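K.L.:
Have a look at this one before I ask anything.
The values are calculated or read from the model by the stated rules, or taken from the named source; none is laboratory data. These figures come from a predicted structure and were not determined experimentally. No Cβ is skipped: glycine too gets one built from the backbone with ideal geometry, and neighbour counts run over all protein chains shown. To get the accessible areas, we keep the full protein, side chains included, count just its heavy atoms, and leave off ligands, DNA and RNA. Shrake-Rupley method; radii C 1.70, N 1.55, O 1.52, S 1.80 Å.
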Amino acid sequence: MSRTVPSAPSDDHGFGRPFDRAGTGSSKWARATGPGVIAMGLADMDLPGPPAVAEALERRARHRAYGYTVCDPAGRGLVARWYRSRHGVEVDPDWVLLLPFGPRTAVRLLLEAVRPAGPVVFPTPEWGGFAQVCRAAGLPYQELPLVELPLATDPGDGYHLPSGPLPRPTGAVLLSNPHNPSGRVWPAAEISALAEAAAEASALLVSDEVHGDLTHPGHAHPVAVTTVQKQLRHRVVTLNSVGKTFNASGLPSSFALVPDPGLRARFLDTMAGFGFWEGGLIEQTVHQAALGEGAPWLDALLAHLSAARARLTDRLGPAVRSTPQASYLLWLDAAALGLPPATARRALLERCGLEASDGTEFGPGGHGLLRLNYALPRPTLEAVLERLQRL
């Protein structure tokens, strides 16, 4: 289902005004060292979040008991309604697990529950968290290069998922959907083909979809667990979170769609062994406010991000490796920017005062590339565009 998001209303939720994160302990800004540097590295928005979330936290904080909290099962229905209204797909509330930790931890505990017999595989360039999780779990992993099209072709179609059989044995397949770092929305046919290859290898496909609710106007987000054939659903898990969507990543929470009841039971048992149970006091407060009341804010955010993307891609032209179709990330070719590929991050910082993520953080396929985060208030975006004139 392709959605059309209206232009941002006159009340743009503060996206058009300066927004200062000084004094908040922001990880993104802590690593952007130097006077006047603009942080564009970590995937974290410099925009005010939904009023509904702030109001819900204030209400809950006024009750000065913050003890153990049971899981509210109504949260499962809330997730199902969200997928129906935002993505036009049907999710069985019984599939939903409400998790008191972020998606990275969810991947780690899923691998514990599955105990894969073979290596974990994932396409690259890819978010570096997958490799970190595998190393922490002591699991071997293999990176599968994405199919990369030349820059001269349609920049909106810069990558495709690898096709054909997976290495044997394969224990699990990890995927960011939409793609981090490029913002590419994987086509439903490619996701289905990957799920079929995973099933043939007796592997579980884990689709990390934390950027899925940030799909830009004119594009649809194929939810992996509802995109694949019904007979394959028991071998697919979709992970999501309100963190990226609603700028609440500092309050770790996530939810999983797990159609296989046996895997759900093993996952919950594994969680309990690590001292985790469904729900959580702050997690549920944020989750319910965001999914229940945050849709108008999200519509305004998507209009803002789409406009920012258009201005930056027009300015950077052929340096854009794959035009973003979701989220707020730009994946850039350093050489096309006139930057030395081996030291591109440092050169951009020195020439323009812009801090980016180095492409090597996303595996060997990221050499000579940079990732920029453009979830910025309009005045900061104007400053970025002005500084890019120095290239």
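K.L.:
Looking at (1) loosely packed, with under 13 Cβ neighbours inside 10 Å; (2) at pLDDT 95 or above, can you tell me which one residue 110 breaks?
P.N.:
Residue 110 satisfies every listed condition except (1).
Every residue, every condition in (1) of a type in the set (Val, Ile, Thr); (2) modelled with pLDDT under 95, yes or no:
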position	(1), (2)
257	no, no
265	no, no
280	no, yes
285	yes, no
289	no, no
292	no, no
317	no, yes
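Condition check ((1) closer than 29 Å to residue 14 by Cβ; (2) out of contact with any helix residue (DSSP H, G or I) (no Cβ under 8 Å at 6 or more places or on another chain); (3) of a type in the set (S, T, N, Q)) across all residues:
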| site | (1), (2), (3) |
| --- | --- |
| 50 | yes, no, no |
| 54 | yes, yes, no |
| 80 | no, no, no |
| 99 | no, no, no |
| 109 | no, no, no |
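K.L.:
When you go through (1) within 24 Å of residue 285 (Cβ to Cβ); (2) surrounded by 13 or more Cβ atoms within 10 Å (Cβ to Cβ); (3) modelled with pLDDT under 95 one by one for residue 68, which number turns out not to apply?
P.N.:
Residue 68 satisfies every listed condition except (2).
K.L.:
Considering only residues that are among the aliphatic types (A, V, I, L, M), part of a helix (DSSP H, G or I) and either touching a Leu at 6+ places or on another chain (Cβ under 7 Å) or open to solvent by 20 Å² or more (accessible area, probe 1.4 Å) (or both), which ones fall in the stretch 362-384?
P.N.:
Residues of the stretch 362-384 among the aliphatic types (A, V, I, L, M): 369-370, 372, 375-376, 381, 383-384.
Of the ones still in play, those that are also part of a helix (DSSP H, G or I) are 381, 383-384.
The answer is 383, 384.
K.L.:
For the condition open to solvent by less than 20 Å² (accessible area, probe 1.4 Å) and over 20 Å from the mean Cα position of the chain (by Cα), what is the one hit in 102, 75? Spell out the reasoning first.
P.N.:
Working: 102 fails: over 20 Å from the mean Cα position of the chain (by Cα).
Going through 102, 75 in turn, just one is open to solvent by less than 20 Å² (accessible area, probe 1.4 Å) and over 20 Å from the mean Cα position of the chain (by Cα): 75.
K.L.:
Now for a separate question. For residue 214, state whether it is at negative phi, modelled with pLDDT under 95 and of a type in the set (A, V, I, L, M).
P.N.:
Working: at negative phi: yes; modelled with pLDDT under 95: no; of a type in the set (A, V, I, L, M): yes.
Against the criterion (at negative phi, modelled with pLDDT under 95 and of a type in the set (A, V, I, L, M)), residue 214 does not qualify.
Here is a yes/no grid of residues against (1) more than 30 Å from residue 111 (Cβ to Cβ); (2) surrounded by 23 or more Cβ atoms within 10 Å (Cβ to Cβ); (3) hydroxyl-bearing (Ser, Thr, Tyr):
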{"site": "267", "(1), (2), (3)": "no, no, no"}
{"site": "271", "(1), (2), (3)": "no, no, no"}
{"site": "347", "(1), (2), (3)": "yes, no, no"}
{"site": "360", "(1), (2), (3)": "no, no, yes"}
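K.L.:
Give me a count of the residues in the stretch 18-44 that are open to solvent by 80 Å² or more (accessible area, probe 1.4 Å) and farther than 19 Å from residue 349 by Cα.
P.N.:
5
K.L.:
Then there is this: Which number in (1) closer than 15 Å to residue 72 by Cα; (2) open to solvent by 20 Å² or more (accessible area, probe 1.4 Å); (3) in a loop (DSSP other than H, G, I, E, B) marks the one condition that residue 323 misses?
P.N.:
(1)
K.L.:
Name the residue, out of 190, 196, 209, that is buried (at least 22 other Cβ atoms within 10 Å of the Cβ), of a type in the set (Asp, Glu) and without any contact (Cβ under 8 Å) to a residue 60 or more places away in the chain. I'd like the intermediate steps shown before the answer.
P.N.:
Numbers: 190 fails: buried (at least 22 other Cβ atoms within 10 Å of the Cβ); 196 fails: buried (at least 22 other Cβ atoms within 10 Å of the Cβ).
Sole residue among the options that is buried (at least 22 other Cβ atoms within 10 Å of the Cβ), of a type in the set (Asp, Glu) and without any contact (Cβ under 8 Å) to a residue 60 or more places away in the chain: 209.
K.L.:
If you check residue 248 against the conditions, is it over 12 Å from the mean Cα position of the chain (by Cα), closer than 30 Å to residue 44 by Cβ, surrounded by fewer than 24 Cβ atoms within 10 Å (Cβ to Cβ) and among the hydrophobic types (A, V, I, L, M, F, W, C)? Break it down stepwise before answering.
P.N.:
Working: over 12 Å from the mean Cα position of the chain (by Cα): yes; closer than 30 Å to residue 44 by Cβ: yes; surrounded by fewer than 24 Cβ atoms within 10 Å (Cβ to Cβ): no; among the hydrophobic types (A, V, I, L, M, F, W, C): yes.
Considered against the rule, which asks whether it is over 12 Å from the mean Cα position of the chain (by Cα), closer than 30 Å to residue 44 by Cβ, surrounded by fewer than 24 Cβ atoms within 10 Å (Cβ to Cβ) and among the hydrophobic types (A, V, I, L, M, F, W, C), residue 248 comes out as no.
K.L.:
Further question on the same structure: Inspect all residues belonging to the stretch 278-301 and state whether any of them is open to solvent by 10 Å² or more (accessible area, probe 1.4 Å), within 30 Å of residue 57 (Cβ to Cβ), in contact (Cβ under 8 Å) with a residue 24 or more places away in the chain and assigned to a loop (DSSP other than H, G, I, E, B). Write out each step before concluding.
P.N.:
Going through the stretch 278-301, the residues open to solvent by 10 Å² or more (accessible area, probe 1.4 Å) turn out to be 278, 280-285, 287-288, 291-293, 295-296, 299.
This time we only want the ones that are within 30 Å of residue 57 (Cβ to Cβ), so: 278, 280-285, 287-288, 291-293, 295-296, 299.
So of that shortlist, the ones also in contact (Cβ under 8 Å) with a residue 24 or more places away in the chain come out as 278, 280-285, 287-288, 291-293, 295, 299.
Still in the list and also assigned to a loop (DSSP other than H, G, I, E, B): 278, 280.
Yes; the residues of the stretch 278-301 include at least one that is open to solvent by 10 Å² or more (accessible area, probe 1.4 Å), within 30 Å of residue 57 (Cβ to Cβ), in contact (Cβ under 8 Å) with a residue 24 or more places away in the chain and assigned to a loop (DSSP other than H, G, I, E, B).
K.L.:
Would you mind finding the one in 327, 357 that is over 18 Å from residue 143 (Cα atoms), in contact with a His (Cβ under 7 Å, 6 or more places away or on another chain) and modelled with pLDDT of 95 or more?
P.N.:
Values: 357 fails: in contact with a His (Cβ under 7 Å, 6 or more places away or on another chain).
Going through 327, 357 in turn, just one is over 18 Å from residue 143 (Cα atoms), in contact with a His (Cβ under 7 Å, 6 or more places away or on another chain) and modelled with pLDDT of 95 or more: 327.
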